Amino acid sequence: MSAQMDTPMVIQLRELAKTYRTGEVDVKAVRGITLNIHRGEFVAIMGASGSGKSTLMNMLGCLDQPSGGTYLLDGVRIAGLNRKQLATLRNRKLGFVFQSFNLLARTSALENVELPMFYGMPLVPLREQRERAVAALKKVGLGDRLGHHPSQLSGGQQQRIAIARALVNNPDVVLADEPTGNLDTRTSIEIMGFFQELNESGITIIMVTHELDIAAYCKRIIVMRDGQVISDTLNANRRHARQELDILNQAEKTAKLA
Ligand code: ADP
Ligand code: MG
């Protein structure tokens with residue numbers, strides 16, 4: 001089920017499976033998932049802890065190989081690629097955002113955002129690296145924090161650095177695993193606002209969350225249980241973060257005047 005049947009598919013999964021072999025027991029973390037995701041979708045993946053969400057995301061991100069089924073990323077069959085080809089594809093097509101931000105601690109915001117370009121092929125000239133990193137940080141409202149280290153910034157600001165880092169190679173798809181999991185409600189809405197903006201600019205977003213309030217900002221909601229998809233629905237009445245933040249800001253202004 002998909003919102004944009006006429007747009008190209010960026011992700012095609014056929015009976016995708018992952019079994020972890022740890023000593024005596026096999027854990028079937030993902031058991032045969034078949035689905036398509038089209039360009040421009042904004043998908044939430046929900047489900048209880050242990051239902052296989054992160055395992056699925058790791059395979060989508062080419063960080064882990066499936067043990068069964070097929071995965072086509074932008075038409076390319078992932079199983080046929082060697083390590084180097086995988087790294088190149090990942091670098092060119094995908095951006096990652098994690099719950100715990102995964103920033104380098106003793107490194108400035110600017111350098112954190114430049115990092116993915118060091119591995120880029122073809123190599124980006126140094127001056128352009130800097131320009132692109134500055135532009136990405138400005139886009140997430142951190143143009144005045146370029147030299148700050150993560151420890152000097154709030155959780156929301158750190159996640160915005162991580163989003164800038166995910167964007168700096170102009171990915172087609174952003175994969176986010178519980179990106180608001182460590183953030184308060186207001187900051188979570190701000191982060192969802194950035195994701196909605198990115199999505200409107202054409203980037204496909206796939207986001208794991210266990211909060212219905214957060215999934216409510218997405219266009220499509222997939223629910224997993226025991227390694228399988230148990231529901232897959234379009235979210236017709238989605239929330240709009242920008243509008244909500246405008247209302248919150250207005251209410252705060254009014255409260256201050258009173
Ligand atoms: P979720 O992200 O939905 O909480 P996970 O994908 O992390 O779920 O885990 C799904 C199942 O796979 C769980 O039973 C978990 O214990 C198991 N699992 C996850 N990663 C590994 C691993 N590296 N080795 C063995 N088992 C794992
Ligand atoms: Mg998880």
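Before moving on, here are some points about what is shown:
- Here's the picture: charge each Lys and Arg Cβ at +1 and each Asp and Glu Cβ at -1 in the chain, and of 35, 187, 91 the one pushed furthest to the positive end of that dipole is 91.
- Acute angle (nearest 10 degrees) that the helix 126-139 long axis makes with the longest principal axis of the chain, alpha-carbon atoms: 70 degrees
- Between 0 and 90°, nearest 10: helix 155-167 axis offset from the chain longest Cα axis: 60 degrees
- Accessible area per residue for the chain is 51 Å², calculated with a 1.4 Å probe on protein heavy atoms, without ligands, DNA or RNA.
- Evaluated at q = 0.14, 0.31, 0.32 Å⁻¹, a Debye calculation over the C-alpha positions of region 57-102 (equal weights, vacuum) places log10 I(q)/I(0) at -0.34, -1.33, -1.39.
- Surrounding net charge for residue 185, when Lys and Arg each add one and Asp and Glu each subtract one, Cβ distance under 13 Å: -3
- For the chain, the share of DSSP beta bridges that are antiparallel, to the nearest 5, is 55%.
- 3J(HN,Hα) couplings calculated from phi for region 219-225 with the Karplus curve 6.51 cos²θ - 1.76 cosθ + 1.60 (θ = phi - 60°) are, in sequence order, 8, 8, 10, 10, 10, 10, 8 Hz; Gly and Pro show x.
- Charge dipole (Cα centre; +1 on Lys/Arg Cβ, -1 on Asp/Glu Cβ; no other charges) of region 9-257 amounts to roughly 500 debye.
- Acute angle (nearest 10 degrees) that the helix 185-200 long axis makes with the longest principal axis of the chain, alpha-carbon atoms: 70 degrees
- The convex hull drawn around the Cα atoms of region 1-118, when projected onto a plane and averaged over every direction, covers 9.5 nm².
- Stretching the chain fully between residue 25 and residue 100 yields a gain of 24.0 nm (0.36 nm per residue, less the alpha carbon separation).
- Cleavage-rule hits, chymotrypsin sites (Phe, Trp or Tyr not before Pro), region 1-109, DSSP coil, Cβ neighbours within 10 Å at most 12: none
- The trypsin sites (Lys or Arg not before Pro) of region 84-125 that DSSP puts in a loop, and whose beta carbon has at most 12 other beta carbons within 10 Å, are 106.
- When both region 86-152 and region 153-185 are represented by their alpha-carbon centers, they are found 11 Å apart.
- Exposed-loop-free span, longest in the chain, where GluC sites (Glu not before Pro) count as exposed if DSSP calls them loop and at most 14 other C-beta atoms lie within 10 Å: 25-210
- The residues packed around residue 196, meaning those with a beta-carbon under 15 Å from its beta-carbon, carry a net charge of 0 if Lys and Arg are +1 and Asp and Glu are -1.
- Rounded if a/c under 1.5, otherwise prolate or oblate - region 103-258, Cα gyration tensor axes: oblate
The values are calculated or read from the model by the stated rules, or taken from the named source; none is laboratory data. Computed from a predicted structure; not experimentally measured. Because the Cβ atoms are built from the backbone with ideal geometry, glycine has one as well, and the counts that use them run over all protein chains shown. We work out accessible area using only protein heavy atoms, side chains counted, and drop any ligands, DNA or RNA first. Shrake-Rupley method; radii C 1.70, N 1.55, O 1.52, S 1.80 Å.
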